[in-house]
Every structure is written in C-alpha cells, then in structure tokens.
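What follows is one structure encoded as structure tokens, with my remarks underneath.
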Amino acid sequence: EAAGVPEEAVAAARGLVDQAREAQRRRDEAQAALLAAVSAEPLEVEVGAAADALAAAESAGVALEAQDSARAKLDAAKAAQQRRDEARDAMGAAVAQPLLLLEVEGATAAAEHAAAAGVGMAEVAWAREKIEEAREAQGRRDAAQAALQAAVAPAALQVDVAAAEALVAPAEAAGVPEEAVAAARGLVDQAREAQRRRDEAQAALLAAVSAEPLEVEVGAAADALAAAESAGVALEAQDSARAKLDAAKAAQQRRDEARDAMGAAVAQPLLLLEVEGATAAAEHAAAAGVGMAEVAWAREKIEEAREAQGRRDAAQAALQAAVAPAALQVDVAAAEALVAPAEAAGVPE
C-alpha cells in the first residue's frame with residue numbers, strides 16, 4: 001500500500017492471507033484434535049472419534065507424517081480393543097454355562113486372558129466368582145457321587161442299605177447325573193432284596209434247627225441249610241446250624257436203630273423172647289428217645305414173656321419132679337394131672 005500497489009492487488013493479497021490463516025488454523029486445530037484423539041492408551045481410544053479426527057486431518061492438510069503416526073495408533077487401538085472384546089465375549093460364553101456344566105479350567109484361562117487383554121476388573125472379578133461357584137458346586141457333586149458309588153460298591157450283602165439310601169437325596173441335590181443316581185438306586189434295591197432273602201433264610205434256618213435234636217425235621221432243616229448257603233447266610237451261622245443238623249441226624253438214627261432193635265427183640269413169641277436182651281433193648285430205646293408209649297408197650301410184652309416163661313418153667317419143673325422117682329414110686333395120678341398144665345404152659349413136647 002505504501003509503495004502504491006493497486007488496491008485491488010492488495011485486497012486480493014489480503015484475501016489470500018486470510019484464507020491461508022484460516023486454512024492453517026483449521027489444520028492446526030485438526031492436528032491438535034487428531035493428536036488428542038489418539039493420545040490415550042489403546043484400550044481407551046474412542047475409535048470412532050479418532051477415525052473422524054483422522055479424516056478431518058486429511059481434509060485439513062495435516063502433515064502426512066502426523067497422519068501416519070495417528071493412523072498407526074488408531075490401528076493399534078482397534079486391534080487392542082478387538083482383542084479385548086473377543087476376550088470378553090469368550091469369557092462371557094465360558095461362564096454362561098450352568099455351574100455344573102461350566103468347564104472350570106477353560107473358563108479360568110478365558111478369565112486370565114480377558115484380564116490380560118484389558119477387560120474391566122469388575123467384569124473379570126464377576127467371572128471369577130462364577131468360576132469359583134462352579135468349582136465348589138462341581139466339587140460337591142463329585143464328592144456326593146463318589147460317596148454314593150462307594151456306598152454301593154461292595155457286594156450286595158455287604159452294602160449298608162440305610163447309609164446308601166441316605167446318600168441318594170444329597171446326590172440328587174448336588175446334581176449327580178440322573179443315570180448315576182438311578183444306577184445306585186438299582187444297586188441299593190438289589191442289596192435290600194438280597195439282604196432280605198439272606199435274613200429270611202437265616203431266620204428259617206435257625207428255626208429249623210432250634211428244636212431238640214430228636215424233634216428236628218431233618219429234611220426241612222437240610223432244605224433250609226441249602227437255601228441259607230444260596231442266600232449268603234454267614235458261614236458261622238451255617239456251620240452252627242450244620243452241626244445241630246448233624247447232631248439231630250445222629251440222634252434220630254440212634255433212636256430209630258434202638259426202636260428197630262427193641263421191636264425185633266419183642267417180636268418173638270413169648271416163650272422164645274430173650275427177656276434180658278429185650279429188657280436191655282427197651283432201656284436203650286428209652287435212653288435213645290423212643291416214645292414212652294412204644295417203650296411201655298415193649299416192656300409189657302417183655303413182662304408177659306417173663307411171666308409166660310416162668311409158668312412154663314414151673315410147670316416143667318413140677319412135671320419133671322413128679323416123674324423123677326423110680327417107676328414104682330411115681331404117683332401116676334398126680335403126674336398125669338400135671339401133663340395138661342405143662343402142655344398148656346408151653347413145656348417143650
């Protein structure tokens with residue numbers, strides 16, 4: 001102006017200066033905004049706002065070097081936030097399972113990965129609580145299942161049925177799989193039935209051999225012993241019952257043999273019956289447990305034989321005494337009178 005440059009030229013120059021000032025102001029503001037947008041930690045960068053700031057910087061002519069630096073930070077922020085979001089999603093999916101189905105090791109690893117990827121502490125802490133709840137719930141389930149399986153593991157006759165039954169409800173409450181509970185229930189039922197059969201067989205066996213040896217029903221007792229063996233009655237109880245059964249068999253055999261011997265002894269005709277032997281057989285039969293009525297009948301027969309033989313012997317003695325003198329001394333009439341009684345008394349012909 002001082003040098004006399006034409007006003008229109010000066011005005012045009014002033015316009016360009018103003019445009020340059022405005023363009024540089026926008027550039028500087030855009031650069032400052034861009035730097036501010038990518039200055040936070042990658043996980044804190046507002047990716048959308050930073051992308052807008054980068055676009056504005058490109059439009060405002062911010063230096064390429066500054067743009068490239070900001071773009072690298074923006075890309076790093078995007079990648080870090082993507083990793084964080086993927087880690088959050090993986091952790092969320094891992095702990096979204098029901099407690100008893102949650103895969104504890106995998107979920108723990110997912111939570112650790114999420115924490116390392118920058119997922120918020122509160123979110124990670126919540127996930128860790130869920131994992132711990134799952135670990136405890138699964139521990140209770142596993143312990144309940146192990147206890148139930150241990151309770152039904154012995155042979156059916158060794159299972160503590162009441163104790164095993166008491167473990168079923170806690171196992172169900174703890175989430176032990178239905179098929180495992182059902183299998184345990186089946187084994188408990190089998191044990192209960194086996195033990196019922198055993199107890200009934202033992203009671204029947206004890207009853208079968210509880211009578212006195214001569215009163216034991218040997219056949220029924222032998223059947224009861226076979227049933228007891230089949231039902232798993234304790235060997236000690238079987239051995240005790242077997243000893244009683246053997247004793248009953250022996251006692252009854254002795255009784256039967258004594259009865260037969262007594263019967264044979266008194267079966268002889270009265271005059272041929274061997275009184276002393278029959279008497280001994282009757283005493284032995286009584287001692288061996290032959291019924292009192294049978295022994296009394298035999299004793300009556302023996303007494304009848306003793307009397308009959310006494311009459312015979314007396315008649316024979318009288319007859320022999322009557323004919324003993326010399327012929328001229330015999331009392332013929334008296335001797336003849338003794339013949340008929342002797343014959344009647346069974347004096348040998």
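The values are calculated or read from the model by the stated rules, or taken from the named source; none is laboratory data. This structure is a prediction, so every number in the text was calculated from the model and none was measured. Every residue, glycine among them, receives a Cβ derived from its backbone with ideal geometry; neighbour counts consider all protein chains shown. We work out accessible area using only protein heavy atoms, side chains counted, and drop any ligands, DNA or RNA first. Shrake-Rupley method; radii C 1.70, N 1.55, O 1.52, S 1.80 Å.
Using heavy atoms of the protein chains and a probe of 1.4 Å, the accessible area assigned to Glu276 is about 150 Å².
For the stretch 152-272, the calculated P(r), taken from all Cα-Cα distances in 5 Å bins from zero up to the bin holding the longest distance, is 2, 11, 15, 12, 10, 9, 8, 8, 6, 5, 4, 3, 2, 2, 1, 1, 1, 0, 0 percent. Label-to-label distance, Glu105 versus Ala153, with points set 7 angstrom from Cα along the beta-carbon direction: 2.3 nm.
Once the chain from Ser240 to Asp160 is taken as fully extended at 0.36 nm per residue, the excess over their C-alpha distance is 26.3 nm.
Available extension along the chain between Asp142 and Ala96 is 14.5 nm, counting 0.36 nm per residue and deducting the alpha carbon span. Counting only Cβ charges, +1 for Lys and Arg and -1 for Asp and Glu, the dipole size of the stretch 81-167 around its Cα centre is about 100 debye. Surface composition of the stretch 307-349: carbon and sulfur make up 59 percent of the accessible area, probe 1.4 Å. Between the listed residues Leu64, Ala322, Ala226, the Cα displaced farthest toward the positive end of the dipole of the chain, a dipole computed from Cβ unit charges relative to the Cα centre, is found at Leu64. FRET efficiency for the Ala32 to Gln82 pair, using the beta carbon distance and R₀ = 35 Å, is estimated at 0.80. Partners of Lys130 within straight-line reach, counting aspartates and glutamates whose Cα lies under 13 Å from its Cα and excluding those fewer than 8 residues away in the same chain: Glu103, Glu105.
Projected label points at Gln316 and Ala11, each 7 Å from Cα along the beta carbon direction, are separated by 19.2 nanometres. Tell me, what % of the accessible area of the stretch 119-166 is carbon and sulfur with a 1.4 angstrom probe? Heavy-atom surface of the stretch 119-166 belonging to carbon and sulfur, 1.4 Å probe: 57 percent. Straightening the chain between Ala182 and Glu41 buys 45.1 nm, computed as 0.36 nm per residue apart minus the Cα-Cα spacing. Using a cut-off of 23 Å between alpha-carbon atoms, which lysines can reach Lys73, once sequence neighbours fewer than 8 places away in the same chain are excluded? Lys73 reaches no qualifying lysines. Here the accessible area is traced with a 1.4 Å probe on the protein chains. For the stretch 55-101, carbon and sulfur cover 55 percent of it.
Given a Förster radius of 41 Å and the C-beta distance between Ala116 and Asp18 as r, what FRET efficiency does 1/(1 + (r/R0)^6) yield to the nearest 0.05?
0.15
A helix-only calculation puts the chain at -27000 deg cm²/dmol for mean residue ellipticity at 222 nm, using -39500 (n - 2.57) for each DSSP H run of at least four residues, averaged over all residues. Here's the picture: charge each Lys and Arg Cβ at +1 and each Asp and Glu Cβ at -1 in the stretch 2-49, and of Ser39, Ala13, Ala3 the one pushed furthest to the positive end of that dipole is Ala3.
In a simple Cβ point-charge model (Lys, Arg +1; Asp, Glu -1; nothing else charged), the chain has a dipole of about 220 debye relative to its Cα centre.
Solvent-accessible surface of the chain, averaged per residue with a 1.4 angstrom probe and all protein chains in place: 60 square angstrom.
Within the straight-line cut-off of under 15 Å between alpha carbons, the aspartates and glutamates reachable from Lys244 are Glu212, Glu215, Glu217, Asp223, Glu236, sequence neighbours fewer than 8 places apart in one chain being disregarded. Arg135 contributes an accessible area of around 100 Å² to the protein surface, as traced by a 1.4 Å probe with all chains present. Using only Cα atoms and rounding to the nearest 10 degrees, what angle (0 to 90) does helix 121-152 make with the longest principal axis of the chain? With rounding to tens, the tilt is 10 degrees. The separation of the stretch 27-65 from the stretch 266-328, counted between C-alpha centres, amounts to 145 Å. Label-to-label distance, Asp331 versus Met292, with points set 7 angstrom from Cα along the beta-carbon direction: 4.9 nm. Quick one: helix 161-173 against the long Cα principal axis of the chain, what's the angle to the nearest 10°, folded into 0 to 90? The angle comes out near 20 degrees.
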